[in-house]
1. Being in contact with a strand residue (DSSP E or B) (Cβ under 7 Å, 6 or more places away or on another chain) and either aromatic (F, W, Y) or open to solvent by less than 10 Å² (accessible area, probe 1.4 Å) (or both) is the filter here; which residues of region 358-380 pass it?
2. Within region 85-98, can one find any residue that is in contact with a strand residue (DSSP E or B) (Cβ under 8 Å, 6 or more places away or on another chain) and within 30 Å of L463 (Cα to Cα)?
3. Quick check on my filter: what residues within region 662-687 are among the polar types (S, T, N, Q), exposed (fewer than 13 other Cβ atoms within 10 Å of the Cβ) and without any contact (Cβ under 8 Å) to a residue 40 or more places away in the chain?
4. Is it the case that some residue within region 325-338 is within 25 Å of the chain's Cα centre (by Cα), of a type in the set (D, E), over 21 Å from F141 (Cβ atoms) and open to solvent by 60 Å² or more (accessible area, probe 1.4 Å)?
5. Out of region 446-479, which residues are over 26 Å from S639 (Cβ atoms) and among the aliphatic types (A, V, I, L, M)?
6. Within region 264-281, identify whether any single residue is at positive phi and among the small types (G, A, S), and answer yes or no.
7. Quick one: would you say L654 is in contact (Cβ under 8 Å) with a residue 40 or more places away in the chain and not charged (D, E, K, R)?
8. Within region 381-392, identify whether any single residue is part of a strand (DSSP E or B), in contact with a Lys or Arg (Cβ under 8 Å, 6 or more places away or on another chain) and open to solvent by less than 20 Å² (accessible area, probe 1.4 Å), and answer yes or no.
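The values are calculated or read from the model by the stated rules, or taken from the named source; none is laboratory data. Bear in mind that the values here come from a model prediction, so they are computed numbers and not experimental data. With ideal geometry, Cβ positions are generated from the backbone for all residues, glycine too; neighbour counts draw on all protein chains shown. When the accessible area is computed, the model is the full protein with side chains, heavy atoms only, and any ligands, DNA or RNA have been set aside. Shrake-Rupley method; radii C 1.70, N 1.55, O 1.52, S 1.80 Å.
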Amino acid sequence: MKRIVTFTVLVLLGVVAVAQPSQRPKVAVVLSGGGAKGFAHIGVLKVLEQEGIPIDIIVGTSMGSIVGGLYSIGYTADEIGNMSLTEDWTRLLSDYVPRKQLDWYSKEEQQRYVLSMPFSEKDMPDFPNGLVNGQNVLNLFCGLAANVPEQADFTKFPIAFSCISADLSTGQQVILNSGFLPTAIFSSMAIPGVFTPSHHNGHILVDGGIADNFPTDVAKQMGADIIIGVDLRSDLLPGDKVKTINDLTNQLISFYTVKRDSVNKSYCDVIIRPNIDGYNASSFNTRAVDTLIRRGMESVTPVLADIRALKSKYNLESKSISREYVNENSWKIVDVSINGKYSMPKERLLDILNLDVPGTYSYQDIKRHINNVYGMGVFKRVYFNLEGDGLGKTLNLNVDEDRSWVMNVGMRVNTRSVVSIVLNATRKDYTKNIDLLSFTADMSTNPKFSFLAEFGKKKLPKLVGMVEGAYRDLNVHITKDYSYPANIYWGAVKLYSYQRIFKYSTLGVGAKQEYILGKLYNIIGDSSLSLSTSKKLTTHFYGFYSFDNLNDYYFPTKGAEVYSEVSLAQDLNFENINPIVFIKFRQAVRVGGRVTMQLGAYGRSLFRETTPVYLGNFVAAQDYELSFNYHLPFYGLPSLWATQRTTVIGSLGLQVRFIHNHYIALNANGLLQNDELRSLSKYNSILGGGITYSYKSAVGPIELTVGYSDKYRKPVLSANAGFWF
């Protein structure tokens, strides 16, 4: 009986074993790091999709973690490729914020300084531990993974995922397989010295390439039976072949991983090596991306027979991948939460964020609002995640305030100041009574200094105190053949208040005391002169309105800038009150892919003859040649040209970008002037124009202008290299 029972059980087990299909082996794809060379991973994944290879596990380092992370949550290789080809990688891999989303002071910083160095109140200026905070690329990951829970188990994704980073304290490998996916991916790609270190699950992390740049061992730990590795790494170079910074970087990274390299390679069933000749880690232009994707596809051909053999041997069949994490690309947001380190009142941050809830928003919408906050210039990073269900989401804003001082450096060479170096120290700190402190010294043949302190509480108008001083070595032109030198010492104390009233508009009022020492001349009629007093102390009360949504200060393609001011200038006895009206306007309108039309209007009127001469109207050939901010630009007249008490200028120009970052601009302008505002028949005119070649460089515009007018009848040459200030 026992034998019969035993035999029966064995037969039944055998039947079950035959009926139960054997579980197929798990297939893993491992993607190495390599910067821009990692776009080749996309091409490899495209071919694996076409071949119907099921991928159960994907592991990546650095750029491999970006491609692998997005693929693991359901994006196809084509979708990742299309995103890669349409992104502006230059801006994405920087902390660039569109100019119109910066606060007014950050706009000035962006268009003045070529170098910024943070430092604390106790330390000397020093270079930061990363040139880029990763603001834009981190938020891109937040948008692409917005449907993934904030605290996720990456091994439960449609394709199980892990990425590799390195602990900044120990240099040891850290395997990231849980938590917030965007910070995990960013931690894996945070190249030391390029990106500031990342925080994830309690670790301070940097690029995983220095710990394990081909992590097949991690795929093995995750249960992989078949491993397809995509290896972008280069072999160690002989010492005399290390010629460039890129060679040196690759060599140093290889030092860290060479010991485990042979073991990691041994785990691979197939190794794919894309041809990345001619490209390096920084090849992020569109042509390079397209070529690298194509080369990734081509690189599968030599091993395609091996891949097909594995597919046949193990009966591998393609599998469907869930799209639950990628289907939704706009969300109904019903609430906003702010988390992290910040000192200003939450209500003020929400006001700056300016996000109306409830409302439906896409990633691009959310990013624009986040730029409003990051554009204040007081946060290291501002990024987001979404929490909630289909009824509505809470936008969680994660902020990291950085209250250090910043030392800014600007440089320029032009036909007004010859060589100029500007040093600026700025502190923005909303924990103190003074929100903003700034000291600037302009060292040149026309030196200037300024000190500014700004106070602000909640939604009340800002209050600003300012002290300025300058020396100006001028040559004032009266006629075509006559000019005179004027050495001016100028100082001012200002107190003003301003309030942002609309999205790009500011309204303010103020008072200032000005002192001037130097000799200028009154213009009588068109050319007669009388000597003005050499000393003058003047009090001003003024109101101003500004609007600015230009997308670029120097090479705008859309937007407008308006500044208007009404002031009352008077002497100490308040006996002579002199009204002055000033307005400037410029607008850029794109009329073609490379052509922008530029419109300008400038005007200034002194209503009384008693107005101090130094407050008179003067024009200069180019903006960077203006000596004071109320002077007016005019192509075709030398700097400075004195005009009459009422001066109005209109201009029209066409700017053409004919090669990448190279521009040619043709400008025409006309000027009307008179000493009597209402006597229209007595206005006389000047017509002029100019042609400008410009190059948009990292240190500011480099440009040359040749102008001509019917009044001066000589070519006027202006040149500049560097930002205007």
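1. Y361, I366, I370, V373, Y374, V378, F379
2. First, the residues of region 85-98 that are in contact with a strand residue (DSSP E or B) (Cβ under 8 Å, 6 or more places away or on another chain): 93-95.
Pick out the ones that are also within 30 Å of L463 (Cα to Cα) and you get 95.
Yes, some residue in region 85-98 is in contact with a strand residue (DSSP E or B) (Cβ under 8 Å, 6 or more places away or on another chain) and within 30 Å of L463 (Cα to Cα).
3. The answer is S679, S681, S685.
4. no
5. Residues satisfying the conditions are L452, A453, L460, L463, V464, V467.
6. Checking region 264-281: at least one residue is at positive phi and among the small types (G, A, S).
7. So L654 passes the test.
8. Looking through region 381-392, at least one residue is part of a strand (DSSP E or B), in contact with a Lys or Arg (Cβ under 8 Å, 6 or more places away or on another chain) and open to solvent by less than 20 Å² (accessible area, probe 1.4 Å).
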